[in-house]
Every structure is written in structure tokens, then in C-alpha cells.
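The values are calculated or read from the model by the stated rules, or taken from the named source; none is laboratory data. None of these values were measured; they are calculated from a predicted model. Note: ideal-geometry Cβ built from the backbone for every residue, glycine included; neighbour counts use all protein chains shown.
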Ligand code: SF4
């Protein structure tokens, strides 16, 4: 977690969202509630790990979240040998 900024100091607000380190950040979504990476800036809340939380969650559970279970990794048992064969075949 060392790369996670504690504040968005130096950020500015634009019409597109908050601009920080050259990236435009969108506000966090409901599913981010409880995540330790949420930071507040000028009354809005943003993610310190990912600029577009909504897009992140649209692909499944956010893999940066500190509060949501990583169900995919935890529940799916993968046979490493079969997985590598599948990967080699490009599937
Ligand atoms: S790490 Fe994921 S869950 Fe946490 S605030 Fe960012 S987008 Fe939301």
C-alpha cells in the first residue's frame, strides 16, 4: 500500500472530474463503500488506486479493493498444469 497517496494534494477539479498526476479521476461508486482506498477531495470521494471505479467494478469485483472478497481467486480451484496447457493453446 506504499504507493497509495493519503491525499490528493495538488489535484484540481475540471469539468471531467478531478485531475491528479495527469489523470482524470471519477468519483467512487456505491460498491467502493468501506474500501480503505477511498479519499476525499473537495467534498467528493475518489479512489487512490484507480481513476475510474465504475469501470473497475463493471468487470467484476474490484481487485484493488480492501473490503470486497476476491471471489474468483478464492473459490475457483485451478490445476496449474491444466491451466498452463490451456494458456499454451490460447484458450
Ligand atoms: S480500490 Fe476499488 S473498491 Fe476501493 S475505492 Fe478504488 S475502485 Fe473502489
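Observations on the model:
- Checking each residue in segment 41-59 for being more than 10 Å from the ligand (Cβ to nearest atom) and in contact with a strand residue (DSSP E or B) (Cβ under 8 Å, 6 or more places away or on another chain) picks out 41, 42, 44.
- Residue in segment 3-23 that is at pLDDT 95 or above, assigned to a helix (DSSP H, G or I) and exposed (fewer than 15 other Cβ atoms within 10 Å of the Cβ) present: no
- Subset of segment 37-65 [surrounded by 13 or more Cβ atoms within 10 Å (Cβ to Cβ) and over 11 Å from the mean Cα position of the chain (by Cα)]: 39, 41, 44, 45
- One residue stands out in segment 24-40 among those that are more than 23 Å from residue 69 (Cβ to Cβ) and part of a strand (DSSP E or B): the one that is farthest from the ligand (Cβ to nearest atom), namely 24.
- Some residue of segment 3-18 being within 15 Å of the chain's Cα centre (by Cα) and closer than 22 Å to residue 69 by Cα: yes
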